[in-house]
1. Want the number for residue 33 to residue 218: 0.36 nm per residue separation, take away the alpha-carbon distance, what's left?
2. Once you have the Cα-Cα distance between residue 393 and residue 50, take 0.36 nm times their residue separation minus that, and quote the gain in nm to one decimal.
3. Of [x] 23.4, 73; [y] 24.0, 82; [z] 24.3, 87, which is the value of Rg and Dmax of the Cα atoms in Å derived from the coordinates here?
4. Using a/c under 1.5 as the rounded threshold, could you call the range 371-473 rounded, prolate or oblate? The axes a ≥ b ≥ c are square roots of the C-alpha gyration tensor eigenvalues, and prolate needs a/b larger than b/c, oblate otherwise.
5. How far is helix 159-175 tilted off the main Cα axis of the chain, in degrees rounded to 10, range 0 to 90?
6. Taking a ≥ b ≥ c as the square roots of the Cα gyration tensor eigenvalues, with a/c under 1.5 meaning rounded and otherwise prolate when a/b beats b/c, else oblate, which class fits the range 204-356?
7. For a quick check: sort 176, 63, 432 by the number of other beta carbons within 10 angstrom, fewest at the front.
8. Compute the Cα gyration tensor for the range 76-225, then decide on rounded, prolate or oblate, letting a ≥ b ≥ c be the square roots of its eigenvalues: rounded whenever a/c is under 1.5, prolate when a/b is larger than b/c in the other cases, and oblate in all that remain.
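Each reported figure results from applying straightforward, stated rules to the coordinates on display, with no laboratory input. All figures in this text were calculated on a predicted structure; none of them were measured in a lab. Positions of Cβ are generated from backbone atoms using ideal geometry, with glycine treated the same way; all protein chains shown enter the neighbour counts.
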């Protein structure tokens, strides 16, 4: 473990750490400036039309898009805010996670702290989900806080860490239901650690009760009054193995959805196994067990138990976060070893940050969709007296457009029909695709026999949202 800096060096470290946190804040804020996408808008509509009090979020709003803590933020902010304001809590939680990662790393050595901050600050996946109004950024923050609290509680036995753990566990469950994987992982870690320590059984039972009675009781109550009754909104069908592959690849800045991502995923999986083995060999078996549970065993077990058909990279968000922390441990040790190992650690970090930066730049440029630009194009180029648009999916498009129509006066002159009705042969047709490199066909003929020609494609960055295809009625 590297020596802790003092004096002038300590102040320089504080300035550097502050710069990294501010950089993380800027990246997440910049990524939050794009358009609201379906799930954020859906959450907003659910809160505005079904919630009239704070308690309604728990007892009335029973939908899988209801991430309770985020719904409370939406309710508190009210219906009239700019959509970027609704994302502000996530931006702040995501930034705080970077600072928390640095603090955790410093507990294991100065170098580990730097690598933990750099990797989490520059992560594409963490940035993406820290820049949208949902429950994933609080989930990351409280997952890491819970892990730190239990680590310190096991190491020091101080009651203050018991309190922090209980606080983090309760708010983790309120952030997102998948925090249950952290409850299980940290719970088993604490049980294994206590049972293998040289303490009395009575003390072990007392400690375990202090740690887990309230969080488990709260999670059970929340499941009874809300989670067991939620309606599933549905989504797109994806290969579970493909989702896991993309999650692994994106962790180190690899690509989406192709054979190269399989190579990157293999590198990450192999590296995780090597790092876990290193922890076990260096007499940190219980720590290796905790990381293995959080990264792989608990999330995969939850997916297998629930039989998810709609699986996404975000379901493995805590796994990605803790892979970065695990890598930070290894990179810090390599750096402290000096010589070529130090340069190897630096080179790996630069490569990971550079790969992630490519994806982050795409989020800055393309966001989660381009409805405002597409609708502006349609308004400016319409030939008919009334601007009429059909959709290839009525629910998805209509909900997004309705959100913007409530805010932008010029969009209120638009009318919308389902393409199956082909009412008055609407001049415009919007289609969508989820592949990042999606390229729609040049012409399509929906029900009714009218041909529509492709005018423009608006791509999106990936993970959340979709690409838009704008078609116009052919004038033969």
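1. On the way: separation 185, 0.36 × 185 = 66.60 nm, distance 3.55 nm.
Gain in length upon complete extension: 63.1 nm.
2. Working it through step by step, the gained length comes to 121.1 nm.
3. [z]
4. Numbers: a/c = 1.55, a/b = 1.08, b/c = 1.44.
Judged from the Cα gyration tensor, the range 371-473 comes out oblate (a/c at least 1.5, b/c at or above a/b).
5. Helix 159-175 and the main axis of the chain meet at about 20 degrees.
6. Because a/c hits 1.5 or more and a/b fails to exceed b/c, the range 204-356 counts as oblate.
7. Starting with the residue having the fewest Cβ neighbours, the order is 63, 432, 176.
8. Numbers: a/c = 2.79, a/b = 1.42, b/c = 1.96.
Cα axes put the range 76-225 in the oblate bin.
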